[in-house]
Amino acid sequence: MPHTERFSLTSFDEFGLAEPITRALADEKYLTPTPIQAQTIPTVLSGRDVVGIAQTGTGKTAAFALPILHHVNVKRKRPERKACRVLVLSPTRELSGQIGDSFRTYGRHIRPLAVALAIGGVPINRQVRSLAHGVEVLVATPGRLLDLVQQRALRLDQVEILVLDEADRMLDMGFIHDIRKVVAMLPKQRQTLFFSATMPQEIAQLAGQMLNDPAKVSVAPQSTTVEKVDQRVILTERASKPALLAEMLKTETIDRVLVFTRTKHGADKVVRALEKAGLRAEAIHGNKSQNQRERVLADFRAGRVRTLIATDIAARGIDVDGISHVVNYDLPNIPESYVHRIGRTARAGATGVAISFCDHEEAPFLRDIERLIRMPIPSTDKRTGPRPAQRPASNGGDHHRNTRNGRGNHQQAQRGNQANRGNHRGSRPQAGHQPSHPAATQASPRAARPERPTEQKPGELGGVTFLQRPVEPRRNAATRAPR
Ligand code: AMP
């Protein structure tokens with residue numbers, strides 16, 4: 001059985017990380033390790049295998065990237081041709097790109113450091129070239145990784161550290177056989193770090209086979225906060241949302257309501273629509289001047305403005321008690337944002353209400369949210385137009401199982417589709433996927449990206465610290481710092 005390790009470190013200095021890494025952390029203005037970092041970093045530095053239960057947004061990437069970079073920096077060794085010293089397996093191109101960017105960011109003062117990506121959807125030749133001289137860190141999706149091995153562009157017998165990230169999503173996407181194949185090619189003598197948001201039996205079994213006496217690290221599931229909020233979904237058409245919001249503001253007993261839109265433009269449109277309906281509202285977003293923002297916030301705090309419309313980024317700085325309602329006028333395409341948003345209500349032991357408007361293009365987002373919070377959200381159907389059959393009563397657990405079985409049978413198709421697959425959060429439902437919402441089958445979700453955050457403010461949600469990841473422009477091939 002894995003051991004559970006507890007550490008309570010409050011500063012990065014206490015880990016004894018190499019100077020180039022602490023300098024990069026200072027550049028990034030990271031002051032305090034998140035709970036998953038406090039638990040994981042010393043354990044990885046000690047050389048032990050780790051099995052971690054943690055979601056994206058908890059600082060998980062730095063939790064493994066920092067001690068790995070320390071290892072690469074301290075145990076200097078020129079990578080052999082076509083080999084990598086560290087292999088990170090991740091389920092999607094999107095996530096792989098983000099992980100690669102994190103390694104480059106935290107390793108920017110380590111020289112030499114070559115970080116390469118091996119992901120589908122981009123020409124393989126550039127990846128072959130970038131691996132020719134060997135790299136310190138390779139971040140890969142399993143399909144492309146195996147293709148590179150098959151083409152003899154990559155050998156895996158020099159891997160010192162293996163990271164398997166988002167293992168449960170790997171399983172969902174039918175990558176389990178590929179992972180087993182990859183692991184069989186790795187040296188037995190290695191350190192393995194295994195992360196998953198959930199630990200169903202199949203994942204625990206896989207971990208048991210891959211890890212050697214692992215330390216167990218985890219951050220508590222965030223459902224404690226989520227459960228305190230009375231959550232509802234209203235299924236509606238996009239065009240009906242303004243009237244629906246106006247009606248709700250007139251009929252519900254609301255002290256203070258924060259309405260989230262996906263874009264700044266959307267926020268202004270909602271304000272205008274409410275004004276037409278005779279309701280006062282103010283918007284707060286990045287296009288407003290600092291003075292305007294402060295005035296609006298002061299009015300909201302003082303109760304002079306009851307309805308505040310905000311984008312995710314603008315809402316970061318808002319710390320207002322007594323928000324009785326959160327309305328998701330648009331559903332976020334990143335499920336963690338939903339948890340952030342609804343955490344604005346039900347503060348300090350109070351209860352709160354979160355109402356989400358879901359049009360048919362947003363159905364896949366709703367499915368992802370329900371999966372993350374592991375509970376179905378009760379819904380009311382206010383759609384007026386023609387629509388598919390009744391929304392099935394969804395059950396987080398069953399849904400998860402259906403999804404896995406459905407996807408597992410389509411492994412080859414999945415691999416072929418990898419080129420088209422972005423982050424599943426914003427992507428079209430996969431073939432064979434059982435949607436939690438009937439409209440999901442015909443949805444074409446807007447691939448809207450969150451605005452670029454201007455600051456890094458962690459939010460505490462039920463004991464879990466979620467941090468927003470800035471959206472960086474992504475490079476696909478390896479970037480090599482000068483040797
Ligand atoms: P992750 O869970 O790895 O997706 O990280 C989420 C975001 O948190 C990323 O944008 C990181 O840059 C940021 N982050 C990670 N660790 C810290 C920290 N200790 N302090 C501030 N921000 C952090």
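The values are calculated or read from the model by the stated rules, or taken from the named source; none is laboratory data. None of the values given here were measured: they were computed from a predicted structure. Cβ atoms come from the backbone with ideal geometry, glycine included; neighbour counts cover every protein chain shown.
Hey, does region 116-127 have a residue that's free of Cβ contacts under 8 Å to residues at least 12 places away in the same chain and assigned by TED's automatic domain parsing to the domain that holds GLU202? Yes, some residue in region 116-127 is free of Cβ contacts under 8 Å to residues at least 12 places away in the same chain and assigned by TED's automatic domain parsing to the domain that holds GLU202.
State all residues of region 119-135 that are surrounded by 15 or more Cβ atoms within 10 Å (Cβ to Cβ), modelled with pLDDT of 95 or more and farther than 11 Å from LEU148 by Cβ; if no residue qualifies, say none. The answer is HIS133, GLY134, VAL135. In region 281-332, the qualifying residues are those that are over 26 Å from GLU247 (Cβ atoms) and in a loop (DSSP other than H, G, I, E, B), and the one that is modelled with the lowest pLDDT is GLY317. Exactly one residue out of ALA140, ALA215 is within 21 Å of THR92 (Cα to Cα) and at pLDDT 95 or above: that is ALA140. Do the conditions hold for PHE64, that is, is it assigned by TED's automatic domain parsing to the domain that holds LEU162, more than 10 Å from the ligand (Cβ to nearest atom), among the aromatic types (Phe, Trp, Tyr) and at pLDDT 95 or above? So PHE64 does not fit the description; no.
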